[in-house]
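Values quoted throughout were computed directly from the atomic coordinates according to the rules given, and no laboratory measurement underlies them. Everything numeric here is computed off the predicted structure, so don't read it as measured data. Ideal geometry is used to build each Cβ from the backbone, glycine not excepted, and the neighbour counts take in all protein chains shown.
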Amino acid sequence: MTLRQFAFRNVIRNSRVYAAFFMASISSVMVFFIYSMLMYHPRVENEFVTEIAFRGMFIAEIILVLFMLFFLFYSVRAFLEARSKEFGILMQLGMEKKQLNRLVLLEILIIGMTSVILGILFGFVFSKFFFMVVREILEIKSLALYFSWRPFALTIGTFMTLFIVISYVSIFTIKDDHVIQLIKGTQRKPKDVTFSWARAIFGMVLLVVGYVLAANATKSNLVTLAGLLPPIVTLGTYLFFTDTVQVFLKLIRKNKHVYWRKYRLLSVSEVAAMLKENARMFFISSMVSTLAFLAIGTLSSLSTFSHKYHQLNPLSLVYTSSADNPYEHRHITNLQHELQEEGLSYRLDRVVVKRQTSSKTYAPVKIISEKDLNNLAVSLGYPLVSLEKGQALFLAYSEESLKMLSKENVYTTLQESNVKLHIDSAYPKIVFPADKLGTNQIIVSDEDFKRIYAPMTGMNGTQSSSHIYIFNVPKWQDTKYVGHDLEMMINTAYAMGTEASLPFYFENTGLDYSFIRSTFALLLFIGLLAAAVFFLAAGSFIYFKLYTNLEQEKKQYETLYRMGVTKKEIRKLVNRQLIPQFFLPWAIAMVNSLFAFISLQVFWRGIADLSIMREIILVMIGVSLLQLLYFYLIRWRYLAHLKINI
């Protein structure tokens, strides 16, 4: 038998241990290849994918490669450690260290080449389905499956380089211990589980501080906390698994009423040793799961924002013009002509906006008349208003501001025109978001509006007023091809830094929505694929650690069985050992993610007054069901292997 044949048969014999590692590697290659197929697609590359979405795929590929580099290194080290007894026997039979290194190198390359080949094969098979989803997301008429050498070359080159690098690095991790030590393998020596009370308490303090800061995040400190909280929570999580858990278990062992009950003594002692020996693995699994939670939750919140975009921005086409804009009539006429060419019905409303200074806050106030507001309300299907002289209403810019302004009762005077107003309520609908008319908006009666004639302090008459032309289009999503000339003029002005000199501004809700929906949906789809790899990898850490100790565990349960412990009781003991391994890292990841989502909620409240709690709850429930399913699957296979001799 040649060394190559021996390496191949070793891989086949250890297929049970390598299974989860092999599946995670195949999934990573498949996802990377699918990303590459989309990035190099001739139609997507030239026309449709926005720069943000393209960068999202590129960043996702980089994260995937870096994660796989770490995952492969950690996994291979764990496998080699678990096979130390086998290596000891081979060296005792006369194998040289060089031959052993070459054997390990061949085994890892066999696994790597097989993973790359199968990953590319599955990736190419599922690319058509992936393109169908992307076609619907980007609203492309066709996105055909194509064949190009570039995605294949990029995937093969990237992952074969990873496996070769890991192979050579892993060789140096094989320790030159005495043969007798290698033959002993990874069997645990009975020894006391040690921990530090100081580190345990410090870890809990870090987690509590991190959670408290996240729960009290505000708009002003959100950016600071985004850089401060990750290292605090990461270190706290690490110390939790290495020391804090042991403190809790010691407290349980001190309580004899709890500890000395049937087989709880055995299970708690075994769990304590297992958690201590595998603390780093549980920490890694927890942080990888946290990363996957955050990826899904964050991208889901982006998708929620795109779905509620029109609710937050009810105006279809908005053309804002200064009072002295010479292009006003021509631009409005062109927009009407373009809407007619697209076959879109519309209603056009003109709103005059005046500016004054409030004597209450000494801040600028934007004012519209009761008549203009009612015309717009009819167009949007909103309630009408009826105001007396001296009466006014706040015009809220968000749901949060609406709740706050509805409780206000203000007496003020518009200083420049000496118009006295009493504002005791707010209009019940959001008409102009903050980016359209600012955050200080009011509605006054037509009589009071006519009395506002004086320009605001520091401005002339034309600067103190403006016109807003609002096109209400029932099929607002079809307006994305309207007003491209105006968009080009505005984009050019922004690129040259001359936007302040433009006497007009144009916004197309349909175009903005198309861009946001396509980008966010594509990023969500990309993120879900990457998160699936993270979840599979997190589970595989536990899987191969579980199966590398299978022979030792089997002997232990066989001994208990011969002592009179029933199969049902052994199954209970197995559950008590498996549950902490699967659900403790997952629970910590859930808690970490939950407080991160609380901070994310503050972010969305700040920019869109949007609640993402429903989406976050759905993500948590979905991931919990997947984890439960994975637990029962592994438990079923684990018990099946234990029953061989029981």
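Among the listed pairs Lys308/Lys407; Lys403/Lys475; Lys97/Lys250; Lys219/Lys354; Lys85/Lys254; Lys354/Lys407, those whose Cα-Cα separation exceeds 32 Å are Lys97/Lys250; Lys85/Lys254. A simple rule links phi to the HN-Hα coupling: the Karplus curve 6.51 cos²θ - 1.76 cosθ + 1.60 with θ = phi - 60°, which for the range 200-216 gives 4, 5, 4, x, 5, 4, 4, 5, 5, 4, x, 5, 5, 5, 5, 5, 10 Hz, with x for Gly and Pro.
Put in order of Cβ neighbour count within 10 Å, fewest first, the listed residues Phe129, Phe8 become Phe129, Phe8. Couplings 3J(HN,Hα) of the range 227-242, computed from phi: x, 8, 6, x, x, 5, 5, 4, 5, x, 5, 4, 5, 4, 6, 7 Hz, in residue order, whole Hz [Karplus 6.51 cos²θ - 1.76 cosθ + 1.60, θ = phi - 60°; x for Gly and Pro]. With R₀ fixed at 51 Å, the C-beta to C-beta distance from Arg330 to Leu618 puts the FRET efficiency at about 0.55.
In whole Hz and in residue order, list the ³J(HN,Hα) couplings for the range 488-501 that follow from phi through the Karplus curve 6.51 cos²θ - 1.76 cosθ + 1.60, θ = phi - 60°; x for Gly and Pro. In residue order, the calculated couplings are 5, 5, 5, 4, 5, 5, 5, 5, 8, x, 10, 5, 5, 7 Hz. The residue among Gly119, Asn101, Phe131 whose Cα reaches farthest toward the positive pole of the charge dipole of the range 84-158, with charges on the beta-carbon of Lys, Arg, Asp and Glu, is Asn101. Fewest neighbouring Cβ atoms within 10 Å first, the residues Leu633, Leu299 line up as Leu633, Leu299. This ranking places Asp243, Asp424 by how few other beta-carbon atoms lie within 10 Å of each, fewest first, which gives Asp424, Asp243. In a reduced charge model with +1 at each Lys and Arg Cβ and -1 at each Asp and Glu Cβ, the range 272-395 shows a dipole moment near 540 debye about its Cα centre.
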